[in-house]
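First comes the structure, then the notes that go with it.
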Amino acid sequence: MCILIGGDICPMGRIQDAFIKGDASEIFHDLLQEISDADISIANLECPLVTKETPIVKAGPVLGSSVDCVKGFLAASWNVLNLANNHSYDHDASGLRETLDAIKSAGLSTVGAGMNIYEAQTPVIRQVNGKRIAIFAMAEGEFSVADHNTPGANPLDLINFISAVRRHKQQGIFIVLIHGGMEYYPYPSPEMIRRCRFMVEMGADAVICCHAHCPQPWEIYDGRPIIYGLGNLVFETPEKMPDAWYEGYLAKLTIEGDGLRFEPIPYVQSKKQPGVFRMNDPARRRFLDEMQAKSIRIQDRAFVELQWGQYCSDQKIPYLTALFGYNRIMRKLRKSFFRLLHSKKDILRALHLVRCETHQEVLNEIFNQEKRS
């Protein structure tokens, strides 16, 4: 029995016409057989499918595509579309509702989003060859997450995760999908590693992440696969992107006894011809060697923390610029005058507010009130 999981799919740009026409061979090319052969096939739909755009006000890009793009997913034999991501609410409640309805009308299932938190938390349950499979999806807390009154994605919450494992595993297979991690960073953060390993310790049989827009390594932890970043699957952009944007891998999970065996299937998005293709043999060997080397490196906690510390140091100025709300002139001057603008005490005060859990809760509520006003 095979479960196939793919990363971010955004049917915009050149590829949109092929999705609308349901021309799966022009999208997935020589990966189609893998998708159709799977007993369960799951992909992350990275944008709402709508007939009318109703963009929300948010930080970051607003994505959306034609509701008719669901034909491409159906033709390619995807069974489940994961909506637990940071773009599922980009066209407000009406856009999410239309997306859910279109997918359901096509005979496909969704996971990870709904018209309230209870719907968003509901896993997909499948019985295949006598095995019970539960698929539970969560997303980091950006502008898309649901609450008791607001539609959106299922937020990444370890308490809710543990409750879901206890309710739904029932001696079957429990697979966790996470939309999170640092974009364009080739390794998982120390906290992401700690979080994913904890999920395995609590009962998850596999944890699969996406969102970083680049492939990240995997590991087998306590006998269970953790995939830290699948990379983009089909995600076109008119901008010039690094090579890692165009590479990724499918996670092929095969049930063996009470566990899962993981096999990566590397692919590449074409910069010339729309769609995604299997890597040729030399590229595949190079890619797998690189991923394996990274998988070995993340076993060294000191390496992970050193890499993360260096990355965060490089991001200091843009992050603090955003945090302190500089205008255009101040952004230009920030490198030269940052230390003059903010004392050490200012920095410690900001650290206190963002690190303490109760202060985080207060800040979240204040900003949410401002967003709604």
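The values are calculated or read from the model by the stated rules, or taken from the named source; none is laboratory data. Quick caveat: nothing in here was measured; it's all calculated off a predicted structure. Methodologically, a virtual Cβ is constructed for each residue, glycine included, from the backbone with ideal geometry; neighbour enumeration extends over all protein chains shown.
A few comments on the model shown:
- A Cβ distance below 8 Å, combined with a sequence gap of six or more or placement on separate chains, defines the contacts here; from segment 24-51, residues that are surrounded by 23 or more Cβ atoms within 10 Å (Cβ to Cβ) reach no residue that is of a type in the set (Lys, Arg) and assigned to a helix (DSSP H, G or I).
- For Ala244, the requirement of being under 19 Å from the mean Cα position of the chain (by Cα), of a type in the set (Gly, Ala, Ser), assigned to a helix (DSSP H, G or I) and in the same structural domain as Ala139 (by TED's automatic domain parsing) is met.
- Selection within segment 3-18 - buried (at least 24 other Cβ atoms within 10 Å of the Cβ), small (Gly, Ala, Ser) and touching an Asp or Glu at 6+ places or on another chain (Cβ under 7 Å): none
- The set of residues from segment 215-238 being over 16 Å from Val276 (Cα atoms), in contact (Cβ under 8 Å) with a residue 60 or more places away in the chain and among the acidic types (Asp, Glu) comprises just one member, Glu219.
- Check on Thr150, of a type in the set (Val, Ile, Thr), within 19 Å of the chain's Cα centre (by Cα) and surrounded by fewer than 20 Cβ atoms within 10 Å (Cβ to Cβ): no
- Residue that is surrounded by the most Cβ atoms within 10 Å (Cβ to Cβ), among those in segment 52-78 that are within 20 Å of Leu250 (Cβ to Cβ) and either free of Cβ contacts under 8 Å to residues at least 40 places away in the same chain or small (Gly, Ala, Ser) (or both): Gly72
- With a requirement of 2 or more residues that are basic (Lys, Arg) and within 18 Å of the chain's Cα centre (by Cα), none of the strands (runs of 3 or more DSSP E) lying completely within segment 53-129 satisfies it.
- Test: residue in segment 272-291 that is charged (D, E, K, R), at pLDDT below 90 and closer than 26 Å to Cys10 by Cα: yes
- Among the candidates Ile42, Ile3, Ile9, residue that is farther than 17 Å from Asn232 by Cα and outside any helix (DSSP H, G or I): Ile3
- Leading residue by the ranking (surrounded by the most Cβ atoms within 10 Å (Cβ to Cβ)) among those in segment 181-198 that are part of a loop (DSSP other than H, G, I, E, B) and free of Cβ contacts under 8 Å to residues at least 60 places away in the same chain: Gly181
- Residue match in segment 137-158 (condition: of a type in the set (Val, Ile, Thr) and touching a Lys or Arg at 6+ places or on another chain (Cβ under 7 Å)): no
- At least 2 residues being in contact with a helix residue (DSSP H, G or I) (Cβ under 7 Å, 6 or more places away or on another chain), modelled with pLDDT under 75 and surrounded by 11 or more Cβ atoms within 10 Å (Cβ to Cβ) is the threshold, and among the helices (runs of 4 or more DSSP H) wholly inside segment 304-355 those reaching it are 328-341.
- Any hit, segment 135-144, residues being more than 26 Å from Gln360 (Cβ to Cβ) and at pLDDT 95 or above: yes
- For segment 79-105, the tally of residues that are surrounded by fewer than 18 Cβ atoms within 10 Å (Cβ to Cβ) and touching a helix residue (DSSP H, G or I) at 6+ places or on another chain (Cβ under 6 Å) stands at 0.
- Here Lys252 fulfils each of the conditions (1) charged (D, E, K, R); (2) assigned to a loop (DSSP other than H, G, I, E, B); (3) under 24 Å from Pro188 (Cα atoms) apart from (2).
- Residue match in segment 204-218 (condition: touching a Pro at 6+ places or on another chain (Cβ under 8 Å) and in a helix (DSSP H, G or I)): no
- Segment 152-180 residues that are in the same structural domain as Pro225 (by TED's automatic domain parsing) and touching a residue at least 60 places away in the same chain (Cβ under 8 Å), paired with ones that are aromatic (Phe, Trp, Tyr) and assigned to a loop (DSSP other than H, G, I, E, B) (beta carbon under 8 Å, 6 or more apart): Gly152/Tyr89; Ala153/Tyr89
- Top-ranked residue of segment 106-132 - restricted to ones that are among the charged types (D, E, K, R) and surrounded by fewer than 18 Cβ atoms within 10 Å (Cβ to Cβ), ranked as modelled with the lowest pLDDT: Lys131
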